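Encoded as structure tokens, the structure appears first; notes follow it.
Laboratory data are not the source of any read-out in this text; all were calculated from the coordinates shown. As the structure is a computational prediction, the values presented were derived from the model and not from experiment. For neighbour counting, all protein chains shown are included, and Cβ atoms are generated from backbone atoms with ideal geometry for every residue, glycine included.
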């Protein structure tokens, strides 16, 4: 996705954020987390606390890296940039920020590595890992059993699937996808949300109802525009992303969590990098960096007790 479109998506969701970037917001890391998601930073305010530069090298974790990686000191990372709090562009339209960026940078510092970051579309990253183009990828990738067949994951947060609607919607809570029958659902292309929706459309026809329509978008801004303009009745996306977005746009509300998923760094299947990344994440939990990143972005509810390598999908 072009940088200008990412910037447009961020501008749409954060409203006045771009105008406020330069002046900051005091100590955003001290903002409350909880159910409001990253909204703890306040409408239009971008968390700017530096929670990465103080991270020290974790020698024990670094020793788990393959010798060639320790020698080169670099890894190629593909990052999907969309909307807060996961990953987005700052005012300049070039600098990525967000929880995914902070976690990747913190782990790299703990392992004594430098990241060569390339921005890539969400749906292109996982196939590119298999081809060897990148060493790892980030993009709020949920760990599913299907993905585990070809991808290795090292978990660092727990997020998942949820729904948001306009204030005038009659929907109160979606606990069964048949509640969406006859509606139009907007979601991201190539995501677990798209897979979940497409695989379960038959539930409506099985029940003698009109199937819901699934509209997919690669541009995150387009998803919200479709909802605001009535071309979508409901949006399915990440729990943290939805909670943030509805606090930054008037006339929208978060419905509920639908399914929790572990989220992880993504690697080519059989990667030798996984043990080192797992140890680094657990080291960040032990030294407090992990909690500081979550606090900065208001996503404390996404904390995990320990990092795991390719765990089974949460049911």
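Per residue, the convex hull spanned by the Cα atoms of the chain amounts to 121 cubic angstrom.
GNM on the chain, alpha-carbon springs under 10 angstrom: the most fluctuating residue among 301, 199, 91 is 199. Normalised radius of gyration (Cα atoms, divided by 2.2 N^0.38 Å) for the range 102-144: 1.21. For the chain, modelled as a GNM whose springs connect Cα atoms under 10 angstrom apart, the maximal fluctuation among 207, 280, 60 occurs at 207. A compact globular protein would have a Cα radius of gyration near 2.2 N^0.38 Å; the ratio found for the range 118-185 is 1.51. Listing 107, 81, 174 from the residue with the fewest other Cβ atoms within 10 Å to the one with the most, what is the order? Fewest to most other Cβ atoms nearby, the residues stand as 174, 81, 107. Give the relative contact order (percent, whole number) for the range 118-269; include only Cα pairs under 8 Å separated by 6+ residues. Computed value for the range 118-269: 45 percent relative contact order. Relative contact order of the chain, taken over Cα pairs closer than 8 Å and 6 or more residues apart, is 30 percent. Treating each Cα of the range 201-304 as an identical point scatterer and summing with the Debye formula, the log10 of I(q)/I(0) at q = 0.13, 0.14, 0.19, 0.21 Å⁻¹ comes to -0.74, -0.82, -1.09, -1.17. Ordered by the number of other Cβ atoms lying within 10 Å of each residue's own Cβ, fewest first, 289, 175 fall into the sequence 175, 289.
In the Gaussian network model of the chain, springs joining C-alpha atoms below 10 Å, which of 245, 286, 222 carries the largest mean-square fluctuation? Among 245, 286, 222, the largest mean-square fluctuation in the Gaussian network model of the chain belongs to 286. Potential lengthening of the chain between residue 57 and residue 175 amounts to 38.1 nm, from the contour at 0.36 nm per residue minus the alpha-carbon distance.
Here is how the number arises for the chain: DSSP H runs of 4 or more residues each give -39500 (n - 2.57), the sum is divided by the residue count, and the result at 222 nm is -9000 deg cm²/dmol.
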